[in-house]
Structures are given as structure tokens and as C-alpha cells.
Amino acid sequence: MNVGFIGLGRMGAGMAANLLKAGHHVTVYNRTSAKAATLVTEGATLAASIAEACRGDAVVTMLADDEAVERVVLGPEGVAVHLPTDATHISASTISIALSRRLSDKHAKHGQRFVAAPVFGRPDAAALARLVVVAGGHNAAVERAKPLLDAMGQKVFVISDKPEAANLVKLSGNFLIASVIESLGEASALVAKGGIDVQRYLDILTSTLFDAPVYKIYGALIASGKFAPAGFAAPLGQKDIRLALAAAEDLRVPMPLASLLRDRFLRLLANGGESLDWSAIAELAANDAGITSG
């Protein structure tokens with residue numbers, strides 16, 4: 001397929017590279033064009049504008065937040081203006097339910113297809129095509145997008161014919177991951193204060209009761225205390241919890257733990273943690289316990 005890819009951050013660059021490896025013709029666009037250099041050497045075509053990235057069968061956007069997606073897709077020179085009729089926009093970004101609905105309506109008015117396809121996985125998983133993709137959209141749109149989704153992930157779950165359902169699943173999943181990080185941080189602070197080696201403690205847990213990637217990945221980060229460079233930056237974690245709470249308010253679902261996590265992220269950011277991985281909220285529990293790092 002001829003596909004455009006907009007947003008070449010640490011996640012997007014790996015995803016676009018895997019589309020190339022799968023044999024698709026990929027045109028890439030990023031506000032900082034230097035980020036496209038490696039992909040161009042691998043066979044991608046560099047677009048000078050959003051419009052140039054929207055001339056194919058589909059365009060994938062992988063952007064940081066609602067503001068970036070609105071600017072790129074709904075702006076006066078955005079994707080919705082330039083994408084051909086019957087072409088498909090695949091939004092892999094983690095965005096609000098409200099924006100996902102707006103995108104779906106806007107593309108429908110332009111005779112375009114829209115698939116929400118947020119992903120679970122960190123940059124290393126993106127590079128290895130091991131992302132888990134959660135897709136939502138009309139059956140015909142999802143089927144048309146499937147070869148691209150398969151190229152970027154190890155598993156594709158189609159949730160609903162409503163795109164925003166995929167975004168709700170993604171937000172709820174990130175809430176659960178943040179909950180794991182917080183609980184691991186608190187438990188690690190408890191055993192550390194009791195004189196137990198945290199690495200040994202986490203080795204026991206992750207090889208028995210909690211033998212799952214989320215515990216292993218974040219347990220290792222917490223035990224090492226290495227929260228930089230960020231695989232998933234703390235401001236993005238804060239944004240996702242905020243969006244989860246907005247969805248919960250709209251649906252009238254109390255989420256007291258999500259409210260706690262919102263405050264943990266705000267505390268981390270207020271104390272200079274913007275450049276850290278979102279797992280750095282785990283260190284707050286150690287600080288509360290009077291345990292100093294290093």
C-alpha cells in the first residue's frame with residue numbers, strides 16, 4: 001500500500017520502519033525533518049508538508065496529545081483537508097474520547113475512512129513490531145487498514161465499529177499500568193525500609209506470582225532507579241490519566257485510584273520530573289518513606 005506516516009518520535013519511527021520492512025511504500029512527515037533521515041535511507045520518501053503525506057491509500061498519525069492531533073488533522077492544511085476520498089486515516093495516538101468522535105465525524109463528512117488504533121508497548125516493542133494494537137472503526141475501514149496494523153504489531157484486537165471504543169480501552173489500559181507502577185513503588189519502599197534488597201524482592205515476584213511483562217519491565221526500572229532517558233515521558237502519563245478521568249466523569253464511573261495517580265503525576269512534574277519516564281512516580285513512595293536514592 002501507499003501510506004503516509006506523520007509523527008516520527010521514538011514510537012512512530014519504529015512503526016514507520018516496520019511498514020517499510022513489510023513492503024509498503026511509505027511517505028514520512030515530521031515537523032523536525034531531521035528525524036526522518038534514517039527512514040529515508042531505508043527507503044521512505046520524505047514529505048515536505050502534511051499534504052504530501054496524504055496522497056496515498058492511507059495515512060498513519062502517531063502524535064503526542066490531543067493538541068497535536070487537532071493541529072495536524074483538523075487544521076486548515078491538515079489531514080482531513082488533503083486525504084483523498086475513500087482513503088483511510090489510522091490514528092495510533094492516545095487521545096481523548098471526545099476528539100476521537102470528532103475525527104470520526106470529520107472524516108465521514110469528507111468521505112474518508114477513520115480507524116482509531118492506539119497501541120500498547122514501549123519504543124523497543126515498536127521497533128521490533130511487537131506492539132499490541134487495539135482497533136476501532138467500521139468493518140470495511142478496519143479491514144482495509146489491517147495489512148498496515150499487522151505490520152506494526154504482533155497482535156491486533158478489533159474492539160468495536162466505533163473508533164472511540166479503542167481509545168477508551170487504551171486509556172483504561174494505561175490506567176492499569178500506572179496502577180501497577182504505583183503499587184510496585186509502594187511495595188518496594190516497604191521492603192527496602194525493612195532492609196530487604198529490592199532487586200531480589202522483585203526477582204522473586206516477577207518469576208512467580210507476577211510473571212507478566214508489565215511487572216518485569218517496570219520492576220526492573222524501579223529496582224535500578226533509572227528513569228532517564230524516558231521510554232514514555234511522565235507528562236504523557238499524566239495526560240493519559242487525565243483523559244481516563246475525563247472519560248470516567250462522562251460515564252459517571254468513580255475511579256478513586258485514578259485520582260490518586262493524577263496527583264502522583266502532578267507531584268512528580270511539580271518537582272522537575274518532566275524529562276523522566278512515567279515510572280518515576282514509583283520513586284515518590286520511597287521519598288515518602290524517607291528512603292533517599294543513590
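The values are calculated or read from the model by the stated rules, or taken from the named source; none is laboratory data. All figures in this text were calculated on a predicted structure; none of them were measured in a lab. So basically every Cβ, Gly included, is an ideal-geometry build from the backbone, and we count neighbours across all protein chains shown.
So for segment 232-240 (the condition being acidic (Asp, Glu), within 19 Å of the chain's Cα centre (by Cα) and modelled with pLDDT of 95 or more), does at least one residue qualify?
yes
Taking interchain pairs and intrachain pairs at least six residues apart, which have beta carbon atoms under 6 angstrom, with the first residue in segment 131-147 and under 11 Å from Pro163 (Cα atoms) and the second of a type in the set (Asp, Glu)?
These pairs meet every condition: His138/Asp161.
Thr45 passes all but one of (1) within 22 Å of the chain's Cα centre (by Cα); (2) farther than 23 Å from Pro163 by Cβ; which number fails?
In the conditions (1) within 22 Å of the chain's Cα centre (by Cα); (2) farther than 23 Å from Pro163 by Cβ, Thr45 misses (1) alone.
Working only within segment 208-256, note down all residues that are in a loop (DSSP other than H, G, I, E, B) and in contact with a Lys or Arg (Cβ under 7 Å, 6 or more places away or on another chain).
Matches in segment 208-256: Gly231, Phe232.
Give the residue that is nearest to the chain's Cα centre (by Cα), with candidates limited to residues of segment 69-85 that are surrounded by fewer than 17 Cβ atoms within 10 Å (Cβ to Cβ) and not in a loop (DSSP other than H, G, I, E, B).
Filtering first and then ranking leaves Glu70.
Checking the structure you have, find out if any residue of segment 197-211 is over 17 Å from Arg122 (Cα atoms), in contact with a helix residue (DSSP H, G or I) (Cβ under 6 Å, 6 or more places away or on another chain) and hydrophobic (A, V, I, L, M, F, W, C). Outline the logic, then answer.
Here is the first cut: in segment 197-211, the ones over 17 Å from Arg122 (Cα atoms) are 197-211.
If we keep only those that are in contact with a helix residue (DSSP H, G or I) (Cβ under 6 Å, 6 or more places away or on another chain) as well, we get 198-199, 201-202, 206.
Still in the running and hydrophobic (A, V, I, L, M, F, W, C): 198, 202.
For segment 197-211, residues over 17 Å from Arg122 (Cα atoms), in contact with a helix residue (DSSP H, G or I) (Cβ under 6 Å, 6 or more places away or on another chain) and hydrophobic (A, V, I, L, M, F, W, C): present.
Go through segment 21-36 and give me each residue that's surrounded by 14 or more Cβ atoms within 10 Å (Cβ to Cβ) and without any contact (Cβ under 8 Å) to a residue 24 or more places away in the chain.
Scanning segment 21-36 gives Val26, Ser33.
Residues to consider are Ala189, Ala282; find the one that is over 26 Å from Met11 (Cβ atoms), crowded, with 17+ Cβ neighbours inside 10 Å and hydrophobic (A, V, I, L, M, F, W, C).
Values: Ala282 fails: over 26 Å from Met11 (Cβ atoms).
Result: Ala189 is the single residue among Ala189, Ala282 that is over 26 Å from Met11 (Cβ atoms), crowded, with 17+ Cβ neighbours inside 10 Å and hydrophobic (A, V, I, L, M, F, W, C).
Based on what the data block shows, is Glu186 of a type in the set (Asp, Glu), in contact with a Lys or Arg (Cβ under 7 Å, 6 or more places away or on another chain) and in a helix (DSSP H, G or I)?
Numbers: of a type in the set (Asp, Glu): yes; in contact with a Lys or Arg (Cβ under 7 Å, 6 or more places away or on another chain): no; in a helix (DSSP H, G or I): yes.
Against the criterion (of a type in the set (Asp, Glu), in contact with a Lys or Arg (Cβ under 7 Å, 6 or more places away or on another chain) and in a helix (DSSP H, G or I)), Glu186 does not qualify.
Taking segment 1-17 on its own, how many of its residues are in a strand (DSSP E or B) and either of a type in the set (Ser, Thr, Tyr) or within 17 Å of Arg31 (Cα to Cα) (or both)? Outline the logic, then answer.
Of the residues in segment 1-17, the ones in a strand (DSSP E or B) are 2-6.
So of that shortlist, the ones also either of a type in the set (Ser, Thr, Tyr) or within 17 Å of Arg31 (Cα to Cα) (or both) come out as 4-6.
Matching residues across segment 1-17 total 3.
Filter segment 100-120 for residues that are in contact (Cβ under 8 Å) with a residue 60 or more places away in the chain and within 16 Å of Lys170 (Cα to Cα) and give the result.
Across segment 100-120, the qualifying residues are Ser100, Arg101, Val119.
Could you tell me which numbered condition Val40 fails, if it satisfies all but one of (1) at pLDDT 95 or above; (2) in a loop (DSSP other than H, G, I, E, B)?
(2)
Each row is one residue, and each column tells you yes or no for (1) farther than 21 Å from Arg262 by Cβ; (2) not in a strand (DSSP E or B).
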site	(1), (2)
Ile95	no, yes
Val133	yes, no
Ala141	yes, yes
Arg144	yes, yes
Pro147	yes, yes
Ala166	yes, yes
Val169	no, yes
